[in-house]
Amino acid sequence: MSAFVGKYAEELIKNAKYIATPGKGILAADESTGTIGKRLSSINVENIESNRQALRELLFTSPNALSCLSGVILFEETLYQKTSDGKPFVEILEENNVIPGIKVDKGTVEIAGTNGETTTQGFDSLGARCQQYYKAGARFAKWRAVLKIGPNEPSELAIQQNAQGLARYAIICQENGLVPIVEPEVLTDGPHDIKKCAAVTETVLAAVYKALNDHHVLLEGTLLKPNMVTPGSDSPKVAQEVIAQYTVTALRRTVPPAVPGIVFLSGGQSEEEATQNLDAMNKLEVLKPWTLSFSFGRALQQSTLKTWAGKKANVGKAQEAFLSRCKANSEATLGKYSGGSAGGLASESLFVKGYKY
Amino acid sequence: MNLVDELAKNAAYIGTPGKGILAADESTGTIGKRLSSINVENVEDNRRALRELLFTTPGALQYLSGVILFEETLYQKTASGKPFVDVLKEGGVLPGIKVDKGTVELNGTNGETFTQGLDGLAQRCQKYYEAGARFAKWRAVLKISANEPTELAIQENANGLAMYAAICQQCGLVPIVEPEILVDGSHDIKKCAAVTERVLAACYKALNDHHVMLEGTLLKPNMVTPGSDSLKVAPEVIAEYTVRALQRTVPAAVPAIVFLSGGQSEEEATLNLNAMNKLQTKKPWSLSFSFGRALQQSTLKAWAGKEENVKKAQDAFLVRCKANSEATLGTYKGDAKISEGAAESLHVKDYKY
């Protein structure tokens with residue numbers, strides 16, 4: 001068989017399909033300890049375990065928010081954490097039909113001889129780690145590969161390295177019962193226009209799907225987490241309909257119909273931008289053989305974080321802010337978002353140059 | 001209309017539900033074999049007469065969106081002097097042209113081949129466009145065996161297809177991309193599926209590398225079937241494996257997939273295509289036909305080269321066109337008047353075009 005059909009095949013297909021349910025999407029709450037530290041410090045909160053636990057508890061216990069989510073990506077520490085009254089986070093998610101996922105990569109390192117291009121680490125004992133995560137309740141994984149646009153970038157070396165890395169990670173996940181989210185992020189940094197981003201995104205995705213085929217990955221049991229196709233961060237913005245058009249065209253040219261769902265990363269977009277772009281894509285009258293949804297980190301949590309500011313008294317209001325973004329994005333996956341859930345915070349750009357996870 | 005729009009429009013038109021392609025591009029040598037099978041001399045006038053019979057069949061052209069021609073035929077006319085190209089255009093059928101120059105063996109392999117025809121291809125395409133052609137076809141061939149297809153054969157053929165496709169698009173011709181995996185062999189359907197997926201993945205990577213605009217292309221693949229020496233399976237099984245292979249490899253930007261019939265009988269090919277279109281699953285491209293033998297076999301036999309048989313032969317041709325048109329809609333009931341030869345297997349071992 002071209003695709004590896006192991007003992008988890010049916011489960012992988014079922015879980016991938018569920019995550020791709022129209023009206024639902026993924027909360028990316030898998031910030032590493034270092035990264036969540038930056039978020040917490042931006043609201044003057046100390047980066048200690050109980051605060052990290054408190055933030056995630058706030059999110060996962062937001063009334064009615066979980067019905068907008070099909071999955072949550074967790075960092076390893078969070079997979080084993082509990083609420084303040086002792087209930088494992090994994091149980092809360094499962095009881096609310098939200099599939100727990102796990103970030104399994106170990107960050108990026110530079111590729112020598114390139115102009116700051118990177119490859120992603122995390123292969124050592126990956127199979128064994130996946131087995132452990134599966135036992136702990138995880139049913140999908142995520143691995144972030146990063147590419148950048150520059151005069152000579154992305155290089156063929158960087159594209160190949162990252163595509164191969166994603167494919168190898170993906171098959172190891174599938175061997176161990178985890179649906180791999182394949183994330184080849186092309187960074188927005190740069191003065192390039194949207195056409196350049198489209199060309200690079202198409203080249204990268206074509207390489208990724210060739211690698212997945214080479215490695216016998218079962219596409220029906222995967223998800224794709226790409227960047228949207230947008231102008232570079234130093235370039236003038238364009239309307240959401242334009243972003244939708246270029247993005248969906250790029251995906252139609254490269255992503256086989258066997259993939260059940262595409263869950264976009266938000267990059268540096270503001271909460272409102274990300275939602276509107278996703279909505280525009282789902283309104284586009286063109287044939288899309290996969291669902292288009294979200295896997296947002298900053299674009300789901302930004303206003304929630306600011307509203308919380310680390311204070312117990314703010315939890316209720318913060319949870320309302322979170323619910324508001326969840327609902328907005330849920331509507332966007334159906335092309336039904338009518339705007340208006342933008343507070344000042346929701347429109348704040350979340351772009352950080354040379355963003356390191 | 002600019003080039004990009006024209007290519008996309010023509011490719012989409014060829015994929016119109018209810019229509020498909022007649023592959024009438026047999027080279028002089030190949031059509032000679034057909035003619036000799038009905039004891040007809042392989043001279044230009046007979047070749048012309050056969051194609052006239054097909055193109056002037058009353059009511060047939062409505063079921064066709066394109067006809068692939070051999071170079072000689074592109075410039076031929078009816079007996080009353082009307083260019084074939086005009087007959088087709090008036091019937092709403094796009095003329096296409098075979099542009100490859102056959103296969104040659106790859107040194108060091110076990111009989112694997114690559115396809116020739118790139119030299120001066122752009123100039124030839126321009127001429128063909130001026131003569132009325134709007135799409136082209138190039139056949140790459142791979143085989144399944146103990147160690148085949150090799151990575152070399154896959155890469156060479158994928159690359160050749162991609163270069164041909166890029167050149168065609170520059171000249172206004174929609175390239176039909178045809179990576180045929182021969183049915184010869186004793187392998188099962190799963191093996192065929194695995195090879196087909198691997199080959200198609202390589203093709204679409206190559207097309208991307210060569211900057212081919214997928215919206216302005218068509219795919220002409222083999223159906224996924226057991227090998228010729230293996231037990232047959234039901235059309236529903238062929239449909240399931242075929243469509244799955246395509247879902248795993250063919251991007252939605254490709255407007256239509258037009259199957260080759262390989263060695264299948266006329267009826268088999270139609271039933272398989274019909275089963276695919278009945279399948280309830282994701283199919284973002286239309287699924288149609290680009291049949292040569294599977295559209296012409298009974299017609300040829302009915303004609304037998306005799307003027308007095310033309311009407312009978314045209315009736316046979318119309319039956320197959322209509323049947324396949326229904327198959328593209330999943331409405332074929334298998335009730336086509338079976339003429340002599342419709343159920344006849346058309347498999348020729350190690351078939352050379």
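The values are calculated or read from the model by the stated rules, or taken from the named source; none is laboratory data. No experiment lies behind these values; they were computed from the predicted model shown. Using ideal geometry, Cβ is built from the backbone for each residue, glycine included, and neighbour counts are taken over all protein chains shown.
Computed values, structure above
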{"read-out": "Residues being farther than 24 Å from A:Lys283 by Cα and either at pLDDT 95 or above or touching a Lys or Arg at 6+ places or on another chain (Cβ under 9 Å) (or both) - total across region A:323-347", "value": "1"}
{"read-out": "Qualifying position, being aliphatic (A, V, I, L, M) and more than 30 Å from B:Glu6 (Cα to Cα), among B:Leu214, B:Leu231, B:Leu219", "value": "B:Leu231"}
{"read-out": "Counted residues, region B:263-282 - those being surrounded by fewer than 23 Cβ atoms within 10 Å (Cβ to Cβ) and either aliphatic (A, V, I, L, M) or in contact with a Leu (Cβ under 8 Å, 6 or more places away or on another chain) (or both)", "value": "6"}
{"read-out": "Check on B:Thr242, β-branched (Val, Ile, Thr), touching a strand residue (DSSP E or B) at 6+ places or on another chain (Cβ under 9 Å), under 22 Å from B:Gly227 (Cβ atoms) and more than 14 Å from chain A (Cβ to nearest Cβ)", "value": "no"}
{"read-out": "Of all residues making up region B:198-214, the number that are farther than 18 Å from B:Asn147 by Cβ and either under 17 Å from the mean Cα position of the chain (by Cα) or part of a helix (DSSP H, G or I) (or both)", "value": "10"}
{"read-out": "The one condition in (1) of a type outside the set (Asp, Glu); (2) within 14 Å of chain A (Cβ to nearest Cβ); (3) in contact with a strand residue (DSSP E or B) (Cβ under 7 Å, 6 or more places away or on another chain); (4) under 30 Å from B:Asn10 (Cα atoms) that B:Pro149 fails to fulfil", "value": "(4)"}
{"read-out": "First in region A:278-292 and away from chain B (no Cβ under 14 Å) and crowded, with 22+ Cβ neighbours inside 10 Å, second anywhere and hydroxyl-bearing (Ser, Thr, Tyr) and in a loop (DSSP other than H, G, I, E, B), Cβ under 8 Å, 6 or more apart", "value": "A:Leu278/A:Tyr337; A:Asp279/A:Tyr337"}
{"read-out": "Qualifying position, being under 14 Å from B:Gly330 (Cα atoms), within 14 Å of chain A (Cβ to nearest Cβ) and in contact with a Phe, Trp or Tyr (Cβ under 9 Å, 6 or more places away or on another chain), among B:Leu287, B:Leu273, B:Leu279", "value": "B:Leu287"}
{"read-out": "Cβ pairs under 6 Å, 6+ apart, first in region A:211-238 and within 12 Å of chain B (Cβ to nearest Cβ), second among the basic types (Lys, Arg) and in a loop (DSSP other than H, G, I, E, B)", "value": "A:Leu219/B:Arg248"}
{"read-out": "Members of region A:165-182 that are closer than 12 Å to A:Phe140 by Cβ and touching a strand residue (DSSP E or B) at 6+ places or on another chain (Cβ under 7 Å)", "value": "A:Ala170, A:Cys173, A:Gln174, A:Leu178, A:Val179, A:Pro180, A:Ile181, A:Val182"}
{"read-out": "Residue within region B:193-205 that is in contact with a Gly (Cβ under 9 Å, 6 or more places away or on another chain) and on the phi < 0 side of the Ramachandran plot present", "value": "no"}
{"read-out": "Subset of region B:170-202 [closer than 15 Å to B:Val254 by Cα and either among the β-branched types (Val, Ile, Thr) or facing another protein chain (nearest Cβ under 10 Å) (or both)]", "value": "B:Val174, B:Ile176, B:Val177, B:Leu200, B:Ala201"}
{"read-out": "Among (1) at positive phi; (2) free of Cβ contacts under 8 Å to residues at least 24 places away in the same chain; (3) touching a helix residue (DSSP H, G or I) at 6+ places or on another chain (Cβ under 9 Å), the one test that B:Gly18 misses", "value": "(2)"}
{"read-out": "Count of residues meeting criterion [surrounded by fewer than 21 Cβ atoms within 10 Å (Cβ to Cβ) and touching a Lys or Arg at 6+ places or on another chain (Cβ under 7 Å)] in region A:7-45", "value": "1"}
{"read-out": "Index of the failed condition, B:Asn107 passing every other in (1) buried (at least 18 other Cβ atoms within 10 Å of the Cβ); (2) modelled with pLDDT under 95", "value": "(1)"}
{"read-out": "Verdict on B:Leu3 being touching a residue at least 12 places away in the same chain (Cβ under 8 Å) and crowded, with 17+ Cβ neighbours inside 10 Å", "value": "no"}
{"read-out": "Test: residue in region B:299-308 that is among the acidic types (Asp, Glu), part of a helix (DSSP H, G or I) and touching a helix residue (DSSP H, G or I) at 6+ places or on another chain (Cβ under 8 Å)", "value": "no"}
{"read-out": "Criterion: among the hydroxyl-bearing types (Ser, Thr, Tyr), touching a Phe, Trp or Tyr at 6+ places or on another chain (Cβ under 8 Å) and more than 13 Å from chain B (Cβ to nearest Cβ) - qualifying residue of A:Thr188, A:Thr254", "value": "A:Thr188"}
{"read-out": "Those strands (runs of 3 or more DSSP E) lying entirely in region A:118-203 with at least 2 residues modelled with pLDDT of 95 or more and of a type in the set (Asp, Glu)", "value": "A:179-186"}
{"read-out": "Qualifying positions in region B:101-120 - in contact with an Asp or Glu (Cβ under 9 Å, 6 or more places away or on another chain) and charged (D, E, K, R)", "value": "B:Lys101, B:Glu105, B:Glu112"}
{"read-out": "Helices (runs of 4 or more DSSP H) wholly inside region B:51-164 containing at least 2 residues that are more than 27 Å from B:Thr328 (Cα to Cα)", "value": "B:71-74, B:121-130"}
{"read-out": "Subset of region B:245-260 that is within 14 Å of another protein chain (Cβ to nearest Cβ) and β-branched (Val, Ile, Thr) - its residue that is farthest from B:Leu219 (Cα to Cα)", "value": "B:Thr249"}
{"read-out": "Any hit, region B:215-232, residues being out of contact with any Asp or Glu (no Cβ under 6 Å at 6 or more places or on another chain), within 12 Å of chain A (Cβ to nearest Cβ), touching a residue at least 24 places away in the same chain (Cβ under 8 Å) and assigned to a helix (DSSP H, G or I)", "value": "yes"}
{"read-out": "Restricting region B:261-295 to residues that are part of a loop (DSSP other than H, G, I, E, B) and touching a strand residue (DSSP E or B) at 6+ places or on another chain (Cβ under 6 Å), the residue that is nearest to B:Val67 (Cα to Cα)", "value": "B:Gly292"}
{"read-out": "Residue in region A:108-150 that is nearest to A:Glu185 (Cα to Cα), counting only those that are out of contact with any His (no Cβ under 9 Å at 6 or more places or on another chain) and among the β-branched types (Val, Ile, Thr)", "value": "A:Val146"}
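Per-residue answers, yes or no, for (1) crowded, with 23+ Cβ neighbours inside 10 Å; (2) of a type in the set (Asp, Glu):
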{"position": "B:Asp209", "(1), (2)": "no, yes"}
{"position": "B:Met213", "(1), (2)": "no, no"}
{"position": "B:Val224", "(1), (2)": "yes, no"}
{"position": "B:Gly227", "(1), (2)": "no, no"}
{"position": "B:Glu240", "(1), (2)": "no, yes"}
{"position": "B:Ala245", "(1), (2)": "yes, no"}
{"position": "B:Arg248", "(1), (2)": "yes, no"}
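So that you can scan it fast, the table gives a plain yes or no per residue for (1) under 19 Å from B:Leu53 (Cβ atoms); (2) surrounded by 14 or more Cβ atoms within 10 Å (Cβ to Cβ); (3) at pLDDT 95 or above; (4) of a type in the set (A, V, I, L, M, F, W, C):
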| site | (1), (2), (3), (4) |
| --- | --- |
| B:Lys82 | yes, yes, yes, no |
| B:Glu90 | yes, no, yes, no |
| B:Pro95 | yes, yes, yes, no |
| B:Glu112 | no, yes, yes, no |
| B:Leu121 | no, yes, yes, yes |
| B:Ala131 | no, yes, yes, yes |
| B:Phe135 | no, yes, yes, yes |
